[in-house]
Structures are given as C-alpha cells and as structure tokens.
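Notes to accompany the following structure.
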Amino acid sequence: MKNFRKLLSGVLCLSVGSLALVSCIKDTAVTPQGVADVIIQDMKTDAGIKYAVVVYANSNVDIATAKVTAPGTPGKIYQLTATSNKMLFVYTPTAADYTSDMPVKGDYTIDIVTADGQTLTGKDVIGNEKLTPIVIKSATMASQKLKTTWDKVTGADAYVVKLYSANKAELLFSSNYLADTAVDFEFSSSSSGWLYSVSPAANTNYVVELLGVKVETGVLTDKANNIQFVTVDSKTIKWE
C-alpha cells in the first residue's frame, strides 16, 4: 500500500486510494495489487446543488477494464475508462450524471481486470456526509501571481487549488493539500506544482478550480487517501 500511495500522488494530484484490492490468482511472478477510491462531488446548477460519484482505480500492473458497482439490487454500475497511464482508470461524471439526491451510501464494489486477465476486487464505503458548497471569493492577478481567496467551509479537512486550460481539457497546476484553516492561496509560474513543465502564457485564459475536501468519517491517519466528499467551484481568469 505504501508504494502505491507514492504512485498515486504523482498521477492524480488529489490523492485517491484507501482501498486494497487483492488478486484472485496466486503464485504469479508479480503480484498484482491496487488501490481505488469512490468520492462524492458536487456541482452548482440553476436547479440547485447536485451530486455525482467520481472514481479512481490504480494498479501496479496495466489495467484492461475496471468497474464499480453501487449498493442495491441491482446496483448501478460505473464503467471506468483508461487514462494515458495504463495503470490508472477513472470514472468522471458528465453533467447528466449529477442528481439532486446524494449517491446511495454503503459498500461500493470495485472490480479490476488486469491486462493479463487477473482479477482484483475490493470495496469502498461511502457515507452520507457532505459539505456546503465552496465559493471562490476572488481570483486576481498581481505581479504575475494568481491569488485565490475563499471563506472556510465548515467540516472541510483540506483545500486544493488547481489550474486548467481554458476548456478544462488539461490540468496544468495543482497545489498540495492546504490546511483546513486556509482562506487563500497564491502561486506564480515559478511555484512548485506545475505539471509537464508547463508555463502559463501571458494574456491567456485559464480556469482556476478550488476544492474543499472532507475525509471519510472515523479516519484518523492517512486522511489524504480516504476521501468522502469534494465540493468544487471554478472561475475563468486571464494570466497577466
């Protein structure tokens, strides 16, 4: 598990995991292992706040397919899709996936089939805890630095600030986890956290995203890898 968490932190920027997946086939030269996390995320709409599930699954070997089955009979099935990293699959909800009701709580079953046909299975428990929506108060440029401010969200355990391309197709920057007391964050082109050696271009639009993070109830250690709920707000800015 420890080695996997190092793997995940470099891929996702927002850590996932806490779920150990074990192989159904034994005595292999490389023992497949994996971690996964099912997270509830909110979205602001004209009809009010809506919710959906986000899922990450990662293995130490290439993945062929991955899915999550929600509690219930029959439980809703979430098919994860591949990323550029063959060891990482994700489920990212579309706008149509968000509903006014919170996702059903209980045990979510994760099934991963590796590229060589082995099966990894496990569960992740989702509760009904949530956060009130986070709001970006301001996102302003000064002296080639972007400063984002917000009000603390009751119950949030950490905050994360990200920067995307204008169409949000590419994640360019991510902060580390910020303390639950934080109400602002500032970064520049020379700050640590830029991905792929990217540098922001002057007079170019980007999307700054602010996340408030709540960990699973009862988790006292390794909180970054046990996420229950994420509340999100975003704003388009021009880098100057």
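Based on the Kirkwood radius over alpha-carbon pairs, what is the Stokes-Einstein translational diffusion coefficient of region 136-239 at 25 °C with 0.890 mPa s viscosity, in µm²/s? Present the calculation step by step, with values, prior to reporting the outcome.
Working: Rh = 14.3 Å.
After rounding, the answer is 172 µm²/s.
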Seminar exercise, completed: For Thr204 and Thr31, extending 7 Å from Cα along the Cα-Cβ vector and measuring point to point gives, in nm, a value of 4.6 nm
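Around Leu210, under 10 Å between beta carbons, what's the net of Lys plus Arg minus Asp minus Glu among the other residues?
That sum, taken over residues with Cβ under 10 Å, equals +1.
Using the Cβ atoms and a cut-off under 15 Å, what net charge is assigned to the surroundings of Thr132, where Lys and Arg are +1 and Asp and Glu are -1? Before the final figure, lay out the partial values.
Working: positive: Lys44, Lys50, Lys130, Lys137, Lys152, Lys214; negative: Asp42, Glu129, Asp151, Asp157, Asp180, Asp233.
Once all neighbours under 15 Å are counted, the net charge is 0.
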For this session: Please identify which residues in region 165-204 have an amide N closer than 12 Å to a label point set 7 Å out from the Cα of Lys238, following the Cα→Cβ vector.
Result: 202-204
For this session: Tell me the label-point distance for the pair Ser100, Val183, using the 7 Å Cα-to-Cβ offset, in nm and rounded to one decimal.
Result: 3.4 nm
Exercise. How far is the Cα center of region 175-240 from the Cα center of region 31-63, in Å?
Worked result: 17 Å
For this session: Report P(r) for region 24-159: all Cα-Cα distances, bin width 10 Å, range 0 to the bin holding the largest distance, values in whole percent.
Result: 11, 32, 29, 19, 8, 1
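Based on the Cβ-Cβ distance of Asn128 and Tyr196, what FRET efficiency does E = 1/(1 + (r/R0)^6) give at R0 = 35 Å, to the nearest 0.05? Before the final figure, lay out each step's value.
On the way: r = 38 Å, r/R0 = 1.07.
So the FRET efficiency works out to roughly 0.40.
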Exercise. Once you list every other residue whose beta carbon is under 14 Å from the beta carbon of Val113, what net charge do they have if Lys and Arg are +1 and Asp and Glu are -1?
Worked result: -1
Exercise. Okay, helix-only estimate at 222 nm for the chain: each DSSP H run of n ≥ 4 adds -39500 (n - 2.57), divide by all residues, round to 500 deg cm²/dmol; what do you get?
Worked result: -1500 deg cm²/dmol
Exercise. Could you list, bin by bin from short to long, the percent of Cα-Cα pairs of region 86-205 in 5 Å steps?
Worked result: 2, 8, 13, 16, 16, 17, 14, 8, 5, 2, 0
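Tell me, what is the Rg over Rh of the chain, with Rh the Kirkwood radius over Cα pairs? All intermediate terms of the calculation are to be shown ahead of the outcome.
Numbers: Rg = 18.3 Å, Rh = 18.8 Å.
On the Cα set of the chain, Rg over Rh gives 0.98.
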Seminar exercise, completed: Non-local residues with an amide H under 5 Å from the amide H of Thr65, with H modelled 1.01 Å from N and Pro and chain starts lacking one, are Val113
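Read the figures in this text as sums done on the coordinates, not as results from a lab. None of the values given here were measured: they were computed from a predicted structure. Cβ atoms come from the backbone with ideal geometry, glycine included; neighbour counts cover every protein chain shown.
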